[in-house]
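All remarks here apply to the structure that follows.
The values are calculated or read from the model by the stated rules, or taken from the named source; none is laboratory data. Only a predicted model underlies this, so the values are computations on that prediction, with no experimental measurement involved. Cβ: placed from backbone, ideal geometry, glycine included. Neighbour counts: every protein chain shown.
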Amino acid sequence: MASRPLQVWHVCRFEVARRLRSVSGIVALVSLIIASAVVGRQLAELGRALEDATTGEQADAFRMMTEMVASMADFPLETVRSALEAHSPPLVGAFAFLMFVMPLLALTMGYDQCAGDIETRHVRYLAFRIDRTTLYIGKLLGAWALISLTLAVAAVSMAGYIHVRAGTIPGVGDLVYVVRSIVTVSVAALPLLALLGLLGTLRGRARRVALLAILLWLAVGLASAAARHGLEIELLAKIIESLWPTHGRWDLILDEWGSWGESAARVVIYSVVAIGLGLTHFRRRDL
């Protein structure tokens, strides 16, 4: 019998192949590639404007880039401006775009981990062949690998388009920044995938998992807004916002290591707790 790590690898590989053949996986991948091409073209045009413009025009183009990233990340303009000055502005814009679409991508491609197998009772057959822990972890890692692969394709596509349009060869710093953006956004997606896995074991219906996650997302947003603007209790609003797994992800695109470290620690803690709860329930639930 194969060792557990090898079994996890087989489940993970099968899950990636299954999702790539599914309608939702194909639609999400194609949609992201098209969106990446459109965004990459816009970022490339802004990059060329920054390169070719006169002093006044360059300031306008730089302000456009700053306002675009700030609107997505809800950051002060000065914070975004410092990031754009430290790195290639079009690549920072690509990083922000990936972080912006990541929750929707995770919901689309990661909602059906074990829920579908529980719903169809196929999980009973799988449980005879491999243990529940291996099955649960393998499917979670498979969803994570698929999203990471999709993000990598989108990031490379945008970066390539940006440099081709600019007629430049990416330097080592640019390549490192692209890799950083892929790894960072992939890691930021893990808590949401862990939550989807937990909801899947609780509900056992794939579509209900997606619907419940969306409703939870909306409920957290409305409740935090009510606490902040209605009750005017900022601490309560922040506590409510922290219930959603991707909250604070925007800090990960900054070079300020204090904010980055706090958000990274939150990603790890949320993921460990959600995975632990989901795995515990999956191992005990009636299949």
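Values for this structure:
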quantity: Test result for TRP250, under 19 Å from VAL92 (Cα atoms) and buried (at least 19 other Cβ atoms within 10 Å of the Cβ); calculated: yes
quantity: Test result for ARG81, at pLDDT 85 or above, basic (Lys, Arg) and within 25 Å of the chain's Cα centre (by Cα); calculated: no
quantity: Conditions (1) closer than 18 Å to SER82 by Cβ; (2) surrounded by 13 or more Cβ atoms within 10 Å (Cβ to Cβ); (3) of a type in the set (Gly, Ala, Ser); number of the one not met by GLY261; calculated: (2)
quantity: In the range 107-149, the residues that are of a type in the set (A, V, I, L, M) and touching a Ser or Thr at 6+ places or on another chain (Cβ under 8 Å); calculated: MET109, ALA115, ILE118, ILE147
quantity: Listing of helices (runs of 4 or more DSSP H) fully contained in the range 177-287 that carry 1 or more residues being in contact (Cβ under 8 Å) with a residue 40 or more places away in the chain; calculated: 206-225, 257-284
quantity: From the options ALA237, ALA274, ALA227, residue that is within 22 Å of the chain's Cα centre (by Cα), farther than 30 Å from HIS87 by Cα and surrounded by 13 or more Cβ atoms within 10 Å (Cβ to Cβ); calculated: ALA274
quantity: Only listed residue being basic (Lys, Arg) and farther than 17 Å from LEU190 by Cβ, chosen from ARG266, ARG285, ARG249; calculated: ARG285
quantity: Residue selected from the range 156-201 under the condition among the small types (Gly, Ala, Ser) and surrounded by fewer than 24 Cβ atoms within 10 Å (Cβ to Cβ), by the criterion nearest to GLU262 (Cα to Cα); calculated: SER186
quantity: Yes/no for ALA152 being hydrophobic (A, V, I, L, M, F, W, C), crowded, with 18+ Cβ neighbours inside 10 Å, more than 26 Å from GLY110 (Cα to Cα) and free of Cβ contacts under 8 Å to residues at least 60 places away in the same chain; calculated: no
quantity: Test: residue in the range 151-174 that is modelled with pLDDT of 90 or more, within 17 Å of ARG249 (Cα to Cα), of a type in the set (Gly, Ala, Ser) and assigned to a helix (DSSP H, G or I); calculated: no
quantity: Residue match in the range 223-243 (condition: among the acidic types (Asp, Glu) and closer than 25 Å to GLY110 by Cα); calculated: yes
quantity: Scope the range 187-244; condition of a type outside the set (A, V, I, L, M, F, W, C) and within 18 Å of VAL272 (Cβ to Cβ); matching residues; calculated: PRO191, GLY197, GLY200, THR201, SER242
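Residue by residue, here is whether (1) modelled with pLDDT under 80; (2) in a helix (DSSP H, G or I); (3) farther than 20 Å from SER24 by Cα; (4) out of contact with any Pro (no Cβ under 7 Å at 6 or more places or on another chain) holds:
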position	(1), (2), (3), (4)
THR66	yes, yes, yes, yes
VAL92	no, yes, yes, yes
THR108	no, yes, no, yes
GLN113	no, no, no, yes
